[in-house]
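Notes to accompany the following structure.
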Amino acid sequence: MRAMPALALSLLIGLAAPAGPGLRVEVPADLAEDCPEPSSVRRWIEASLDRDPFAGDDPPTIRVAARRGPEGVDVDVDHGPAGQRSIHAASCTAALRAAAFSVAVALDPLGAAPLEPPPEPATLEASPERAPPPAPTPTPADDGRARRRAPVSAQPIDATAARPNTPSAPAARGDPSPPEALDLHPHLRVEPLVAAGHRPGPGPGLRLGGGLGGDRWELGAAFTWLPATTTPFEGGEVAADLLAGELSGGLRLDAVDVVALALAGRQRGTGAGFDRDGAYDALHLGLGAGVAVRAPLAAGLALRVGLEGLWLPRVSRFTVSGRTAWTGPPVAARLSVGLRWSP
């Protein structure tokens, strides 16, 4: 019968043990061998807060009670005025560590750092160049003063996640990336055309050109030849031709080109069948705009149909035998149908 009081006393000691002023940790006898010392709960709280919250003159009163659950261990945490919370875990150690973190958050919501067990070194995925050393695990020799550390897990380490209230560090400034190279596309054009206004009558011609451009713009240069056309005049004939160079620039809108152009060349005229044959040789200028439509034929090859109008600042006048045989209009028009090739 003397053994009964001793057994009752040992059960009482196993059920409740103070972990220091203000904190009481209760572990039943059937969990005593599976749970850490009650003082470990206080060390974990201090490690999370990086201070001893129970060292003041008026420490908070908190009760942590563990009990065996149907599928693990349940812990009831009584924060006093802050309320109560129940925690479930597979092991007593995990449940008490979670309870310690719950107490730390209740005491200091912004200053509590999570307590996670360090993983095995083989599971770390930090970059080899900047892998941080593993943080030491708090031990009794630390006297409850373990430094706060960021949680380490199998995920890549993020230095800005060490504390919930730590602002993100600014990104490291490196050398600015070089600008991307401009993607330019060359092209060539062969365009038979019909022109009116450059000679005494409408007639055929040929334009050979090329250029360089991007996806939405284009610059070009071309050589234009308008062979002589003949028109009768008072028993004779007059003829004129044109050799000119062109510069153009335009916008590419899907299958449509909008073009502005400038022309400069040499216009020559002759007369035959008169008392005195005449000749004409003068500078020929033009400024204009146009529109062209492209229709793909094959890879890099397209049919191009264009219509252009030009203003001619120098009006052509061809005189033979003292009489004006032809006076050119102040405007000209051209219709072209050709091929455009872009390698």
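The values are calculated or read from the model by the stated rules, or taken from the named source; none is laboratory data. Here the structure is a predicted model, which means the values were calculated and not measured. Using ideal geometry, Cβ is built from the backbone for each residue, glycine included, and neighbour counts are taken over all protein chains shown.
Before moving on, here are some points about what is shown:
The rows are residues; the columns are (1) among the small types (Gly, Ala, Ser); (2) in contact with a Ser or Thr (Cβ under 6 Å, 6 or more places away or on another chain).
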position: 189; (1), (2): no, no
position: 193; (1), (2): no, yes
position: 197; (1), (2): yes, no
position: 212; (1), (2): no, no
position: 219; (1), (2): no, no
position: 232; (1), (2): no, no
position: 245; (1), (2): yes, no
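- In segment 234-247, residue surrounded by the most Cβ atoms within 10 Å (Cβ to Cβ) [restricted to those that are out of contact with any Gly (no Cβ under 7 Å at 6 or more places or on another chain) and modelled with pLDDT under 95]: 241
- Residue match in segment 216-233 (condition: under 25 Å from the mean Cα position of the chain (by Cα) and either modelled with pLDDT of 85 or more or surrounded by fewer than 11 Cβ atoms within 10 Å (Cβ to Cβ) (or both)): yes
- For residue 322, the conditions (1) within 41 Å of the chain's Cα centre (by Cα); (2) at positive phi all hold with the exception of (1).
- Counting only residues that are more than 15 Å from residue 326 (Cβ to Cβ) and outside any loop (DSSP other than H, G, I, E, B), segment 204-261 holds 37 of them.
- Residue satisfying condition, being within 43 Å of the chain's Cα centre (by Cα), farther than 16 Å from residue 191 by Cα, small (Gly, Ala, Ser) and surrounded by 14 or more Cβ atoms within 10 Å (Cβ to Cβ), within set 286, 271, 250: 250
- Taken over segment 307-343, the residue count meeting the criterion of being more than 19 Å from residue 207 (Cβ to Cβ), assigned to a strand (DSSP E or B) and in contact (Cβ under 8 Å) with a residue 40 or more places away in the chain is 6.
- Filtered residue count, segment 83-104, keeping only those that are without any contact (Cβ under 8 Å) to a residue 40 or more places away in the chain and either surrounded by 15 or more Cβ atoms within 10 Å (Cβ to Cβ) or in a loop (DSSP other than H, G, I, E, B) (or both): 9
- Residue match in segment 210-229 (condition: out of contact with any Lys or Arg (no Cβ under 6 Å at 6 or more places or on another chain), without any contact (Cβ under 8 Å) to a residue 24 or more places away in the chain and either under 22 Å from residue 333 (Cβ atoms) or of a type in the set (Val, Ile, Thr) (or both)): yes
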